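Report on one structure; see the data block that follows.
The values are calculated or read from the model by the stated rules, or taken from the named source; none is laboratory data. Keep in mind it's a predicted model, so treat the numbers as computed, not measured. FYI the Cβ positions are ideal-geometry reconstructions off the backbone, even for glycines, and counts take in every protein chain you see. Side chains included, ligands, DNA and RNA excluded: accessible areas come from the protein's heavy atoms. Shrake-Rupley method; radii C 1.70, N 1.55, O 1.52, S 1.80 Å.
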Amino acid sequence: MHKIVLATPGKRFGAAVIDFIFFLLLLLGLFAASQAIFSSFPYVGELSQEIETESLRSGLYKVDSEGNVVPDVTGEEDQVYGDYTHYEEKLIYYYTVYLPSIDFEQYGGYDNYWYNVHILGLEDTRKEYGEYTLTAPSDQGDDYFEYQTSSDGQTLVDEIAVPKEMYYSGGNRENGLTEAGRSALRNFFYDPSGNNPSLFYNAVEHLSNTPTLYNLMTTYGAFQRAYPLAAAIAVAYPLYYLVIPLFFKNGETLAKKMFGLCLLSKIDFQIHKGQLVLRVLPLYFLAIIFILFLPEALAYLLLLAILFVSYMCALFSSDRKAIHDYVAGTKVIDAKKSLFYHDRAEQEEGEAIFKESIKRGSQIKEKGETIVEDEEKKKLDI
């Protein structure tokens, strides 16, 4: 009596994609709501204020006209994007004053000489630092700067280095920088196009990785992304993939209903509510754990990998089961082309009714044939 027709790969994949789109729309709405709720927490506001305060204290940031804390770069209305000395002052303060103030044990040796060697890329004449690797653009710094010298020819390694004379008019520092020199030095400190590394960019990146700001930003980021996303998934995933299917007789999602598909147990009877829960819980808990405890990019990558493998199993396995179908003991069938029962008792009752119907039909047929034969005999007798 059973007639089970598995869902075709096309319908299975189409329903999965549409379900995922519906789920994402629901997730995005709940994520926005969760973000608004988490952002309203006083603690989150305090974290934001601490981040802004620490950023401003570094000297690399400023408050713009709209009250936002932004990197302290000169505006585009200035055709030359500011003189290099604007950025030089910021960097000298950041490396030699601010960093020692937040962790003197780690940054206590960050003085003018350290700045000349590590940031401007000049020679380590004292041989204090041994082998080290400079990142761009510091590795080209000796093309732009050189140590100052005293009137008696002594190299002043403890004084901030100065641009080479070739960047000044007539090769004389008293004549001021040429326009080409100004542009070259400015781009070395800050490239307004953003196409090349610059000293200012490196400093801003370095600041974000200092323990003080990194811990603040990590905690703040968790309240802005990880926690709201985990909360949104905690509601959206069971709501769409568990609560909605529970409303339908055979565990359909909205897309499965649209495609005429439904769920069936592996023994070809209607599924139980517990099987719906088993289909949802494993990925549900994995998603929450990944987002809360793994780096954001790695969490998304692992979840996408699991979904991809699951879809591939559903499309190419002989029984067209996804990973959660194997866990829950379910299968996806074409409801319009299949005939199945709630349980074995219903099957036996249905088969009994069918047999009785067949028996009655046979009896009616025999009775009809008898009537026809009797009528034929009467006609012959006449």
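Restricting attention to the stretch 55-140, which trypsin sites (Lys or Arg not before Pro) occupy a DSSP loop and are surrounded by at most 12 other Cβ atoms within 10 Å? Can you show the working numbers first?
Working: sites: Arg57, Lys62, Lys90, Arg126, Lys127; in loops: Arg126, Lys127.
Answer by residue number: Arg126, Lys127.
Taking the alpha-carbon set of the stretch 1-60, what are its Rg and Dmax in Å?
23.5, 80
For the stretch 93-154, report the convex hull volume of the alpha-carbon atoms normalised per residue, in Å³, without decimals. Please report the intermediate quantities before stating the final value.
Working: hull volume 7.0 nm³, N = 62.
Value for the stretch 93-154: 112 Å³ per residue.
How many percent of the accessible area of the chain is carbon or sulfur, using a 1.4 Å probe?
Exposed carbon and sulfur together represent 58 percent of the surface.
Roughly how many Å is it from the Cα centre of the stretch 89-132 to that of the stretch 1-72, as a whole number?
39
Of all the stretches in the chain, which is the longest one without any exposed loop site, taking chymotrypsin sites (Phe, Trp or Tyr not before Pro) in a DSSP loop (any state but H, G, I, E, B) with at most 15 other Cβ atoms within 10 Å?
Longest stretch, sites excluded: 249-382.
May I ask you to give the solvent-accessible area per residue for the chain, in square angstrom, as obtained with a 1.4 angstrom probe?
57
Kirkwood Rh, the stretch 182-239, all Cα pairs: how many Å?
Over the stretch 182-239, the inverse of the mean reciprocal pair distance is 14.3 Å.
Could you state the principal axis extents of the C-alpha atoms in the stretch 61-170, from the largest down, to the nearest angstrom?
Extents along the principal axes: 49, 45, 27 Å.
Taking N as the number of residues in the stretch 161-209, what is its alpha-carbon radius of gyration divided by 2.2 N^0.38 Å?
My calculation over the Cα atoms of the stretch 161-209 gives 1.38.
Per residue of the stretch 68-73, in order, report the coupling 6.51 cos²θ - 1.76 cosθ + 1.60 (Karplus, θ = phi - 60°) as ³J(HN,Hα) in whole Hz, putting x for Gly and Pro.
Once rounded to whole Hz, the list reads 8, 8, 9, x, 7, 10.
Scattering from the C-alpha atoms of the chain alone, worked out with Debye: what is log10 I(q)/I(0) at q = 0.10, 0.12 1/Å?
Taken in order of the listed q values, log10 I(q)/I(0) reads -0.85, -0.98.
Rounded to the nearest 500 deg cm²/dmol, what is the calculated helix-only ellipticity per residue at 222 nm for the chain, with -39500 (n - 2.57) per DSSP H run of length n ≥ 4?
-17500 deg cm²/dmol
Quick check: convex hull over the Cα atoms of the stretch 256-310, volume per residue in Å³, rounded to an integer?
Working: hull volume 6.1 nm³, N = 55.
Hull volume over Cα atoms, normalised by residue count, gives 111 Å³.
Computed on alpha carbon atoms, what radius of gyration and Dmax characterise the stretch 1-148, expressed in Å?
When restricted to the Cα atoms of the stretch 1-148, Rg and Dmax are 27.0, 97 Å.
Quick one: helix 344-381 against the long Cα principal axis of the chain, what's the angle to the nearest 10°, folded into 0 to 90?
That works out to roughly 40 degrees.
Give or take rounding to whole Å, what are the principal axis extents of the alpha carbon atoms in the stretch 124-264, in descending order?
Cα spread of the stretch 124-264 along its principal axes, largest to smallest: 95, 34, 24 Å.
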